[in-house]
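As structure tokens, the structure follows; a few thoughts come after it.
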Amino acid sequence: MPKLTIHAGEPGPVIDRHIFGHFAEHLGRCIYDGLWVGENSPVPNVRGWRSDLVAALRQIRIPNLRWPGGCFADDYHWREGIGPRDRRPRRINAHWGGVIESNAVGTHEFLDLCAQLGCEPYLAGNVGSGSPRELREWVEYCNAAAGTLADERAANGRREPWKVRLWGVGNETWGCGGNMTVEYYAHEYRRFATYTRDFPQAPLYRIASGARNDDYHWTDVMMREAFKGPLGGPLLQGLSLHYYTVPGDWPPRHPATGFDHAGWKWVMALGWKMDDYVRGHRAVMDRYDPAAKTSLVVDEWGSWYAPEPGTNPGFLHQQQTVRDGVLAALTLNIFIDHCERVRIANLAQTVNVLQAVALTEEGGGRLVLTPTWDVLAMYAAHHDARRLPVHSDAGRSRHEGMEYPNVSATASLAADGAVNVTACNTDPAAPAELTLAFTGRVPAPADARVLAAPVLTTCNTYDQPRAVTTRPLAGVRVNGQNVQLTLPPGSVAALRFA
Ligand code: AHR
């Protein structure tokens, strides 16, 4: 029987809750007809933001929300999204379907959403088509207590500065954010970072546009050229990494739901590539920054499949199954394994786009939560807890030349003294009979839940909204230092030991 040894008496680094962050872009039905229904909608809302979605996100304790893109961010001019809504310009959203962008959601609306969610905003600044002055003024508009921009903010309804901490300085500058070389962008970054000022009691956490996948050269040049500021301290607090799990070539054609066991394994194996990439970028960053002052910020991750039949392909709307729940657990376990360096991450995207935690019917209809929502609900127990070492002898599987663990797990020590364990079984066909062997503690009887689906391709629909969800995990047996349990095929479990 495979064994996971949990060293409960050796708490390690803090698992930053910002690892469990989200991303909402002006893309498809994420903002408009997703989170935002408008104040006059019959859908219950608070100042335009859909109340059932806000409640669902609060339930998973969303720690931060990145906005307004993605690729959209480098085409976004913040001034167009302030002031009376009926006077805001209507633009074409050139990246995502060529639809009209009304600018109804701008800075004030988005920061109100974050207040409703109780989460920290992460604003992505425009480098590709913007200027250091434009970004500097957006920071000042949000964070300054006095001056003309603060007066303008007050005239628009907000006297107190918001003190936004997290700022992205460009997005995918190697692609949609300007098609730059890293050598060029590193110097642009220094220029933009210089003018994005800290205002009193509002120090910025600047996140540079980073690599995709295994582009270690990008990370190397950014660390070499942009890590050290003029006074020797870091000029960048975060450097990003983007990696999506895309089975097959571009554009994605693999179905979100109608897959076989090979399709399941493909997603597990591709998902586990994140471990290689985080290790690789971490090793480069360690060379320049051994004290890990700068974080690796994985601010876009998740599954990317063929769009749902009948939807606008530019809207990236996809369904989900328990396969995505297991992918989410695997990925979060990787971030937690590397939490000395990975301190922020953002799942793409919050609602209706890619690996969303919720889907809504067009026109403000019903809401359904996805299996990924359930995983984030289970993982909330790890927010700001201290990681405990876990050693697994459960072995690995191979698919298409790639390896992935048969069982992947995280354990953490919460502030109230509880030990929380999350574990997933990546095998689509066989249950995993496991022993959790504790050192440093005798585990008291557990509260245990599991996310599983007897038919792996089942998804939550508007008519059967909780077809895939968590249920109590039966048959957990505690025997001294050991706990015996069985994980169903393709499942994620969460156990709490008092
Ligand atoms: O999340 C969808 C898109 O993927 C983002 O806009 C872009 O940054 C990435 O390529």
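The values are calculated or read from the model by the stated rules, or taken from the named source; none is laboratory data. It should be emphasised that the depicted structure is a prediction, and the values quoted were computed from it without experimental measurement. Ideal geometry is used to build each Cβ from the backbone, glycine not excepted, and the neighbour counts take in all protein chains shown. Accessible surface areas use protein heavy atoms only, side chains included; no ligands, DNA or RNA. Shrake-Rupley method; radii C 1.70, N 1.55, O 1.52, S 1.80 Å.
Numerical summary
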| quantity | calculated |
| --- | --- |
| Distance histogram in 5 Å bins (all Cα pairs of region 372-456, percent per bin) | 3, 11, 21, 23, 21, 13, 6, 2, 0 |
| Candidate lysines for bridging to residue 265, where Cα separation is under 17 Å - those fewer than 8 sequence places away on the same chain excluded | 273 |
| Convex hull per residue volume in Å³, alpha carbons only, for the chain | 142 |
| FRET efficiency, 1/(1 + (r/R0)^6) with R0 22 Å, evaluated for residue 467 and residue 260 via beta carbons | 0.65 |
| Accessible area (Å², per residue) of region 1-85, counting only protein heavy atoms and a probe of 1.4 Å | 34 |
| Carbon + sulfur, % of accessible area of region 189-342 - ligands and nucleic acids excluded, 1.4 Å | 53 |
| Alpha carbon centroid spacing (whole Å) that separates region 173-192 from region 74-123 | 24 |
| When region 20-134 is reduced to its Cα atoms, the Kirkwood hydrodynamic radius in Å | 14.5 |
| Normalised per residue, the volume of the convex hull around the Cα set of region 73-144 (Å³) | 104 |
| Solvent-accessible ranking of 17, 66, largest area first, probe 1.4 Å | 17, 66 |
| In order through region 107-113: 3J(HN,Hα) via Karplus (6.51 cos²θ - 1.76 cosθ + 1.60), integer Hz, x for Gly, Pro | 4, 5, 5, 5, 6, 5, 4 |
| Two-site FRET efficiency, residue 41 against residue 311, from Cβ-Cβ distance with R₀ of 22 Å, rounded to 0.05 | 0.55 |
| Paired Rg and Dmax values of region 402-498, which use every Cα atom, in angstrom | 14.5, 47 |
| Antiparallel content of DSSP bridges confined to the chain, in %, to 5 | 60 |
| About the Cα centre, charge dipole magnitude for the chain (Lys/Arg +1, Asp/Glu -1 at Cβ), debye | 840 |
| P(r) of region 1-85 over all Cα-Cα pairs, binned every 10 Å from zero, in whole percent | 14, 32, 28, 11, 11, 4, 0 |
| Simple label model, 7 Å out from Cα along Cβ direction - residue 181 to residue 115, nm | 4.7 |
| Whole-number D in µm²/s for region 1-40 (Stokes-Einstein; Kirkwood sum over Cα pairs; 20 °C, 1.002 mPa s) | 145 |
| Under 14 Å from residue 163, Cα to Cα: aspartates and glutamates that are on another chain or at least 8 residues apart | 112, 120, 137, 140, 198 |
| Heavy-atom surface of region 267-424, accessible at 1.4 Å and reported per residue (Å²) | 28 |
| Gyration tensor (alpha-carbon) shape descriptor, region 209-270, a/c threshold 1.5 | prolate |
| From the C-alpha gyration tensor of region 87-200, square roots of 5λ in Å | 24, 20, 13 |
| Dmax and Rg, reported as Rg then Dmax, of region 288-339 (C-alpha, Å) | 15.8, 50 |
| Region 243-275-region 444-498 distance, computed between alpha-carbon centres (Å) | 24 |
| Region 167-212, Rg to Rh (Cα coordinates; Rh as Kirkwood inverse mean 1/r) | 1.03 |
| Whole-number D in µm² s⁻¹ for region 340-406, Kirkwood Cα-pair radius fed into Stokes-Einstein, 25 °C, 0.890 mPa s | 159 |
| Cα lying deepest toward the dipole's positive end in the chain, options 443, 115, 285, charges on Cβ | 443 |
| Spherically averaged projected area of region 283-385 from its Cα convex hull (nm²) | 8.1 |
